[in-house]
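Notes follow once the structure below has been shown.
The values are calculated or read from the model by the stated rules, or taken from the named source; none is laboratory data. Bear in mind that the values here come from a model prediction, so they are computed numbers and not experimental data. Using ideal geometry, Cβ is built from the backbone for each residue, glycine included, and neighbour counts are taken over all protein chains shown.
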């Protein structure tokens, strides 16, 4: 049976329609206000419009045209406006023929059924497109955050937009691992319903069948509510609504869940959309958890590094004072002021003095590294030539080189431009590089020290040093210290400037050292906006390079 509205003030027409269409519900009206109410409340399948009425039918037709009913014109002697002809679906002539009217109504109902089906399909398609748009936007927002709380908020916002639920509950965990139940609802929730949802959260989490990350009780749960309207209140009836539940899992571990309640049933597309939204949060949530763990570990490492630096600084200062006293005492004894010493005594005194000097260098290195890491290293920059420093360091170390019968060759290629640098620190770097070359070069070998101008684009290094070289631009003074030592394996090159690093071989164990010299050199050169690197060939030697930018007029 169909609902049919007949718009007419003609009794004969009304009688004919009602007697012909007995199997259908016929509503008759000629009043504009009543017709509007019928269209809104009854939603008739077909509206029959008598064009031979004694009132102006055009305003009424404009009302009817706004609804999705089949419009059937009953055409008589009067002229029908063009707009009505264009916007009607079917036409029957007056006076009515019962057989023709029945056939027209049956055809109209079939059309109506097709239109309803099409409208439903269009509505479902529009809803699917909207949900896809929400999924896309939610995915974009999730990808841009590493905050666990923010990710949960974005997921809940996507669920609220796409599924229009009455109540949504999400169990999550704050950064301090406190369980929190996030409730988004259209209306307020009664206190007993909130307690029921908390209990439901405990049971859902424990019975998830997935490895749980945190265990908690009812009293541990914090509740955070977002209420859209305060005009009404939900109670236990919510628990009888249609429900969807999905757990948030990462690597087979449960990190919470989301559950939504809706008075109307969920379609299969709704279920897929919900599951997708919850699944979307897992990958960025995993990244957020890892990021949080890394941040906490980095914070702890920074604390340990600070404690280590403080410890090294304190110990170094405490060692320096007695070491100075020991050195002075050894000098006094060696001078003969405390009495004559034998040849055997002199031998042991010299051995003690050498080791005191070695220990003093190690302590100085520790103090320098401590200052550098604390950002307290003092620099006195000035425009200077590097040539005097190279000559001074070479002369100072020449006696040590002679003890191994080593040659120190110094070569300056072309005219060197001035640099803006702290020459005391550059002397420290150069002393370290030449001292290392002396240590690792066998007797009667040669150590070469050279300096020249070079453009950043012409610098060639091993691949492991490329990142720091790529940051350079313009002209530089390049200094190179080459030895004929044992060499360094290629895979070890990137570690030679690490703190406390000594490449493992027999000679490195023999010569010893703090393992800080090259690390300090790297930090000092970096403070000068330069770079330091090396290359090496096993059993043939190593070359250490550093560059300093040339001084500019405004330096």
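The figures follow:
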| item | result |
| --- | --- |
| Residues being surrounded by 17 or more Cβ atoms within 10 Å (Cβ to Cβ) and within 60 Å of the chain's Cα centre (by Cα) - total across the range 8-58 | 7 |
| Those residues of the range 453-476 which are touching a helix residue (DSSP H, G or I) at 6+ places or on another chain (Cβ under 6 Å) and under 22 Å from residue 542 (Cα atoms), in sequence order | 459, 461, 462, 464 |
| Output for the range 113-143, where each listed residue is exposed (fewer than 11 other Cβ atoms within 10 Å of the Cβ) and under 13 Å from the mean Cα position of the chain (by Cα) | 140 |
| From the options 300, 263, 233, 237, residue that is modelled with pLDDT of 85 or more and touching a strand residue (DSSP E or B) at 6+ places or on another chain (Cβ under 7 Å) | 233 |
| Per-region count, the range 229-262, residues in a loop (DSSP other than H, G, I, E, B) and more than 30 Å from the chain's Cα centre (by Cα) | 6 |
| Sole exception among (1) part of a helix (DSSP H, G or I); (2) surrounded by 11 or more Cβ atoms within 10 Å (Cβ to Cβ) for residue 341, by number | (1) |
| All positions within the range 462-474 that are outside any helix (DSSP H, G or I) and either on the phi > 0 side of the Ramachandran plot or buried (at least 16 other Cβ atoms within 10 Å of the Cβ) (or both) | 472, 474 |
| Filter result for the condition that a residue is touching a strand residue (DSSP E or B) at 6+ places or on another chain (Cβ under 9 Å) and closer than 26 Å to residue 290 by Cα, over 160, 153 | 153 |
| Test result for residue 319, modelled with pLDDT under 85, surrounded by 13 or more Cβ atoms within 10 Å (Cβ to Cβ), closer than 20 Å to residue 432 by Cβ and out of contact with any strand residue (DSSP E or B) (no Cβ under 6 Å at 6 or more places or on another chain) | no |
| Of all residues in the range 200-226 being free of Cβ contacts under 8 Å to residues at least 40 places away in the same chain and either in contact with a helix residue (DSSP H, G or I) (Cβ under 6 Å, 6 or more places away or on another chain) or not assigned by TED's automatic domain parsing to the domain that holds residue 165 (or both), the one that is farthest from residue 253 (Cα to Cα) | 218 |
| Within the range 347-379, tally of residues that are loosely packed, with under 15 Cβ neighbours inside 10 Å, touching a helix residue (DSSP H, G or I) at 6+ places or on another chain (Cβ under 7 Å) and within 28 Å of residue 552 (Cα to Cα) | 1 |
| Qualifying residue in the range 411-420 (condition: within 24 Å of residue 497 (Cβ to Cβ) and modelled with pLDDT of 90 or more) | yes |
| Residue that is nearest to residue 451 (Cα to Cα), among those in the range 418-432 that are free of Cβ contacts under 8 Å to residues at least 60 places away in the same chain and touching a strand residue (DSSP E or B) at 6+ places or on another chain (Cβ under 8 Å) | 430 |
| Strands (runs of 3 or more DSSP E) contained entirely in the range 368-422, each with at least 2 residues that are assigned by TED's automatic domain parsing to the domain that holds residue 522 and closer than 30 Å to residue 443 by Cα | 407-413 |
